[in-house]
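To start, the structure itself, in structure tokens.
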Amino acid sequence: MKKMISIRLASNLILIINLSALLMHILILLKILPYSFVWGGRLKNEADLILLESISIVVQILFISIIAIKAGYVFKEKFRRTVMLATWVLFALMVLNTLGNSVSSSGFEKLIMTPLTSLLAILVFRLAIEK
């Protein structure tokens, strides 16, 4: 796998996908995009929207930060053990997220997000196996 996907390519793809997702969550929170296609279509009111989208934004920022550190874009050679553990946790979360999306009642999550989270799981796995 290390020969098929370079760490730089995996890192860049993960960052592009997650920066796009971060932008989407911000646009949903600002009510520029509709919220009907996120959270499995289960958001019922504005309070839920604000809480869950705020959580999504924080998680996206954390995800992006971990990947940026692992890729060596920031804090080079710092937090090695923490970032290694966090990368494996992200991999597990992406696998679980893929499973959740695959059984979602939302067509968008099932058809679009399932393959996307599968790709992210593979890319994060690539980073996780890098020393």
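The values are calculated or read from the model by the stated rules, or taken from the named source; none is laboratory data. Just so you know, these numbers come straight off a predicted model, no measurement behind them. Cβ atoms come from the backbone with ideal geometry, glycine included; neighbour counts cover every protein chain shown. Side chains are part of the model used for accessible areas, which takes the heavy atoms of the whole protein and leaves out ligands, DNA and RNA. Shrake-Rupley method; radii C 1.70, N 1.55, O 1.52, S 1.80 Å.
Derived scalar couplings between HN and Hα for region 75-84 equal 6, 3, 6, 10, 6, 3, 5, 4, 5, 4 Hz in order, rounded to whole Hz, by the Karplus curve 6.51 cos²θ - 1.76 cosθ + 1.60 (θ = phi - 60°), x for Gly and Pro.
When the chain is described by a simple charge dipole with +1 on each Lys and Arg Cβ and -1 on each Asp and Glu Cβ, the residue from 92, 60, 129 located farthest towards its positive end is 129. Counting only DSSP H runs of at least 4 residues, each contributing -39500 (n - 2.57), and dividing by the residue count of the chain, the helix-based mean residue ellipticity at 222 nm comes to -23000 deg cm²/dmol.
With a 10 Å cut-off between alpha carbons and a GNM built on the chain, which of 18, 97, 45 moves the most? Highest fluctuation among the options: 45. Once the 1.4 Å probe is applied to the protein heavy atoms, region 60-117 comes out at 63 Å² accessible per residue. Residue ranges 24-30, 56-62 sort as 24-30, 56-62 when ordered by packing (mean number of other C-beta atoms within 10 Å per residue, highest first).
As a length-normalised measure over Cα pairs under 8 Å and 6 or more apart, the relative contact order of the chain settles at 32 percent.
As a fraction of the 1.4 Å probe accessible area of the chain, surface on carbon and sulfur atoms comes out at 72 percent.
Average projection, convex hull of the Cα set of the chain: 8.0 square nanometres.
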